[in-house]
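> Before I ask anything, let me first share the structure, which is written out below as structure tokens.
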Amino acid sequence: MLNNMSRTNYIRRYLYIVALAILNVCVLSCGDDDKEAPRLEVSPEEILLDSNGEGRLTITTNTLWSISTSSTWLTFSTLSGVGNGQVKMVANDSSTSERSAIVTVKGEKNSRQVKVTQLAAPKKKHYIYGDIANYPYQVPFQVGEWDASAMRFNDTEGAYLPTISDEVYFGLKTLIFDVSDVSTDFDLRVMNAWWSSIYYDHVKWVSGLNEVQITSIMARECAKGGEGKDLDLMLYSGSCTIKAVYYEE
């Protein structure tokens, strides 16, 4: 049996241990409350790369972060950091078609994704006719029914359109005609000279841009020299005004 003094000391020790335990719980609890929760914000959510193929990400966070993407055509000024930062991204090269990539920014406990888009590189126009800035004498001209000489690509026999060189023919896929004032009865033949192969018959054009596809057979037959003749366009009926002829690459 404990005497009164021993019982009192035992109770005091017990209360001390309980109070210490409560104090530790409070300290730990207060420490957790004071610690700021991990946060991560990335802007903008979508990026359209500028004409130089460059863009920027703004990262707002209180943690470590890292950047990753599965697209090999994007490079970054840095791939990781701590706290707030800005990251410059650059497309490695231009593209003939539009392309997109998903960029992931990962923080301590969360992540954000950004869609990055690069538009296709603008194509360069190569004028065969109608480059008014460099050749002011190449003014719009009108062709009418059964007119073939005006639209024959030959310096000596064609009335307006210059000869297309072999090098252009063999790399040419599409020839673009910028026309206006197209009559409702417009009816066109695309041929090799005016007595040889017919490539497209009864073609209908509209005012604006119209395309003529150039096949390998057409290129071979229309190239200069040998038995080849020049590309020629003849109107069965109707009329139009030729403003320019060019190809793009």
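> Among the residues of the range 208-244, how many are at pLDDT 90 or above and touching a Gly at 6+ places or on another chain (Cβ under 6 Å)?
Number of matching residues: 3.
> Which pairs turn up if I take residues in the range 123-134 that are in a loop (DSSP other than H, G, I, E, B) and look for partners that are surrounded by 13 or more Cβ atoms within 10 Å (Cβ to Cβ) and among the acidic types (Asp, Glu) with beta carbon separation below 8 Å, at least 6 apart in sequence or on another chain?
GLY130/ASP178
> Quick check on my filter: what residues within the range 195-214 are surrounded by fewer than 15 Cβ atoms within 10 Å (Cβ to Cβ) and not polar (S, T, N, Q)?
TRP195, ILE198, TYR200, ASP201, HIS202, LYS204, VAL206, GLY208, LEU209, GLU211
> Could you tell me which of the residues GLU249, GLU157 is at pLDDT below 95, of a type in the set (Asp, Glu) and under 36 Å from the mean Cα position of the chain (by Cα)?
Answer to the check: GLU249.
> Since ALA133 meets every condition but one in (1) open to solvent by 40 Å² or more (accessible area, probe 1.4 Å); (2) farther than 30 Å from ASP181 by Cβ, which condition does it not meet?
All conditions are met except number (2).
> Among the residues in the range 62-75, are any free of Cβ contacts under 8 Å to residues at least 12 places away in the same chain and either closer than 19 Å to GLU45 by Cα or surrounded by 12 or more Cβ atoms within 10 Å (Cβ to Cβ) (or both)?
No, that holds for no residue.
> Restricting attention to the range 160-198, and to residues there that are aromatic (Phe, Trp, Tyr) and modelled with pLDDT of 95 or more, which single residue is farthest from ASP131 (Cα to Cα)?
Filtering first and then ranking leaves PHE186.
> Also, quick follow-up: Need the failing condition index for TYR169 against (1) open to solvent by 100 Å² or more (accessible area, probe 1.4 Å); (2) farther than 20 Å from CYS240 by Cα; (3) in contact (Cβ under 8 Å) with a residue 40 or more places away in the chain; (4) among the aromatic types (Phe, Trp, Tyr), just the number.
If we test TYR169 against (1) open to solvent by 100 Å² or more (accessible area, probe 1.4 Å); (2) farther than 20 Å from CYS240 by Cα; (3) in contact (Cβ under 8 Å) with a residue 40 or more places away in the chain; (4) among the aromatic types (Phe, Trp, Tyr), just (1) comes out false.
> Just give me the residues in the range 164-199 being among the hydroxyl-bearing types (Ser, Thr, Tyr) and over 33 Å from the mean Cα position of the chain (by Cα), in sequence order.
Those that are among the hydroxyl-bearing types (Ser, Thr, Tyr) and over 33 Å from the mean Cα position of the chain (by Cα): SER183, THR184, SER196, SER197, TYR199.
> Name the residue that is surrounded by the most Cβ atoms within 10 Å (Cβ to Cβ), counting only residues in the range 215-249 that are part of a loop (DSSP other than H, G, I, E, B) and polar (S, T, N, Q).
Once the filter is applied, the top-ranked residue is SER239.
> Further question on the same structure: Mind checking which residues of the range 86-122 are of a type in the set (Gly, Ala, Ser), part of a loop (DSSP other than H, G, I, E, B) and without any contact (Cβ under 8 Å) to a residue 40 or more places away in the chain?
Scanning the range 86-122 gives SER95, SER97, ALA120, ALA121.
> On to the next question. Going through the range 77-110 one residue at a time, which ones are open to solvent by 60 Å² or more (accessible area, probe 1.4 Å) and touching a Phe, Trp or Tyr at 6+ places or on another chain (Cβ under 9 Å)?
Once the filter is applied, which keeps residues that are open to solvent by 60 Å² or more (accessible area, probe 1.4 Å) and touching a Phe, Trp or Tyr at 6+ places or on another chain (Cβ under 9 Å), the range 77-110 yields SER80, VAL82, LYS88, ASN92, ASP93, LYS106, GLU108.
The values are calculated or read from the model by the stated rules, or taken from the named source; none is laboratory data. Just so it is clear, the model here is predicted, and its values are computed rather than measured. Virtual Cβ from ideal backbone geometry, glycine too; neighbours counted across all protein chains shown. SASA here: full protein model, heavy atoms, side chains in, ligands and nucleic acids out. Shrake-Rupley method; radii C 1.70, N 1.55, O 1.52, S 1.80 Å.
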